1. Label the stretch 364-493 by shape, choosing from rounded, prolate and oblate, from the square roots a ≥ b ≥ c of the eigenvalues of the Cα gyration tensor; if a/c is under 1.5 it is rounded, and otherwise prolate applies when a/b is larger than b/c, oblate when it is not.
2. Below 15 angstrom from the Cβ of Asp395, what's the summed charge of the other residues (Lys, Arg +1; Asp, Glu -1)?
3. Please say if the stretch 184-307 is rounded, prolate or oblate, where rounded means a/c under 1.5 for a ≥ b ≥ c the square roots of the C-alpha gyration tensor eigenvalues, and otherwise the choice is prolate for a/b larger than b/c and oblate otherwise?
4. Which ³J(HN,Hα) values in Hz, rounded to whole numbers, follow from the phi angles of the stretch 399-416 under the Karplus curve 6.51 cos²θ - 1.76 cosθ + 1.60, where θ = phi - 60° and Gly and Pro get x?
5. What is the mean projected area of the alpha carbon convex hull for the stretch 229-361, to one decimal in square nanometres?
6. What is the sum of charges around Ser331, taking Lys and Arg as +1, Asp and Glu as -1, for the other residues whose C-beta is under 15 Å from the C-beta of Ser331?
7. Along the three principal axes, how long is the stretch 309-409 when you take its alpha carbons, biggest first, rounded to the nearest angstrom?
8. Per residue, how much accessible area does the stretch 361-439 have with a 1.4 Å probe, in Å²?
Amino acid sequence: METFDKFRYDFGISSPSPSVLPPRSATLSFVSEPSSPGSGTGSHNVSRLRKNSAKIRKKQMNSHMASPIPSATSVKSTTYKHLSSKPWEYVPILTDKQYAEKKERLLRGSKLKRELEKYWNIQTPSRLEKKRLEEISSDDEEYDTDLDQELVGLELIVDEKTKQIKDDGSFPEYKRMCRKLNVIPNHYLLRHSTDDDIKLRYRYLSKNDCTAMGYEMKDNSTFSRIDLEDNGMTGKHIHALAEMLLQNHYVSEINLSNNPVGVPGAKVVRYILTNNTHVRKIDLTGCKIQDVGGKLMADILEHNQYITQLLLGRNGIGNEAAIQFGKALESNSTLEILDLSWNQISRPGAQALAAGLRHNQQLRSLILNMNGLGKEGGCFLIEALRLNSSLTVLDLGANRIPDEIAPVVARVLPNNKALQTLKLSYNLITSEGAMALLKPWSSKIKKRSPLKTIELDGTDVHTELALLIHKLREKRGLTVTLRLPPSRRERSLDPLMGSLMYIVKFCDKEDVELTELFPKSYEEKGVLISTDDVVELVKHSGTDINKYRLHELKRTLQETRDRRFELKELMTIHNQMKLGKDPHREDSLRSAIAGKRRGIPTETQKAPTPNTAGVRFRGGSDEED
């Protein structure tokens, strides 16, 4: 009988009162509570009641939803029947707030506290446990039954399952894999899971990140391009993605540039591409694969008949790998773009690549800038274009190629029917070599050449070459670029020069004698003045000048009001303009303090170098010597 009373207490059945009470909710409760304050369980159990439970029961008593209380047997059987199947299918999903409240109650009042702390990975004892041990007396132990522990554990499972369903939402398999590998799910991947192009740059992914991502992308049918540039990925990371790249039949472009892949990663990439028929473009720029990795990439071209773009710049590839590429090009019929720029290929490698070009009729672009081809290497590649009818872009920039290549270009390229762009920038080609190189295109005979662009950046230009370039652009549509490096470009116009020229013109128009405005001591001592000082002197020169014109002069000189200059600089510009010269061409602002901040006393400075370009700065000091 005592056991039955205890059972009725756990399920909210009052033993002394036969009154009709509303049925309990189907939702499981974490703490058993008596149905009324007058329950026969004793007053020492008041501490086990939930907060405001009396108000809740009073509200239920006044409601009109009362129904007969089922017997203890029926309640127990119904409850266990309800929990026998999957409990989380019948319980609404908890919110984060509800979940946190129930978790706190469990840690405060459950007998399974130590097990729960292990479950939630709580290492230190909670202050709530100490408080609970002080409040609950030893008499409460008689109500700690196996049924209570079983129900609490079952509720814990229900809550954890509903919480997991709520958190996982979409992509549950990927999130389950992340939990297994102890990594954070990549939310960018989840947000862009339906995009064609997935970009995961500069995230420095771990090996487990790559494993989880590969698990998710393995069966993805939307990604066609994967960009993993600069993620600190090594051979182990590439190995973690290998299964995905082998099984996914939709990815066609892979970018692994600027990752320290090295030779181990190159071996994995070779295995992937040798057994893959869907990848069309692979970018391994700056992956440190060296000459050994270059040979592995050349081996791909001999076995893979699907890849069309292979980018291998900045990898330290030498002549041995270049020789392998030359052999691969002889038999390959699919590759369209090959980038071997910024490597260590010299004459032997260039000769092997030229041999491959003679037999290859599919390659469209060959990029070899920033290598060490030299005169012979450049001549080999240009001569190879006699038999090649597919190459449209050839980049030989910055390869120490001298003027001797000009006769070869003039002899071969006018007869080539495919090449459209030739890049020879920043080589050792002079203006005379450029003239010899371009002269055949000015002939009336060579009209059918498809060549549209020749890049000769860094080459000095004289008048005859400039006229020839203009003639080729107007009559043949041939574009020749001749951009100079920064050290040889024309300097931009100095705003101070324009301001001083405007002052000279204003004084001439207003009949103000500029040479009489300043004391002689200004020029003798090298005093630094500003445009505002000049405006004030003009204002008090004694000449009748309209105040509106003075205001216009001051407004025009507003940009350079803080610049300082010497009086002799202004006088030099004045004299040059009187003689009809252009001060911009004469470079009038070169002075004893050119290249230094104005305001430094002139006698403390060294004599300037005659051909040093002046650099002007804002600011300065008004102090005199």
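1. oblate
2. Summing Lys/Arg as +1 and Asp/Glu as -1 gives +1.
3. Note, shape of the stretch 184-307 comes out oblate.
4. Once θ is set to phi - 60°, the couplings for the stretch 399-416 become 10, 6, 8, x, 5, 4, 7, 4, x, 5, 5, 5, 8, 9, 5, x, 9, 7 Hz.
5. Mean projected area of the Cα convex hull: 6.8 nm².
6. Overall, the nearby charge balance is -1.
7. Principal extents (Cα only, largest first): 34, 30, 19 Å.
8. Normalised by residue count, the accessible surface of the stretch 361-439 is 37 Å².
The values are calculated or read from the model by the stated rules, or taken from the named source; none is laboratory data. Only a predicted model underlies this, so the values are computations on that prediction, with no experimental measurement involved. Virtual Cβ from ideal backbone geometry, glycine too; neighbours counted across all protein chains shown. In case anyone asks, the SASA skips ligands and DNA or RNA and just uses the protein heavy atoms, side chains included. Shrake-Rupley method; radii C 1.70, N 1.55, O 1.52, S 1.80 Å.
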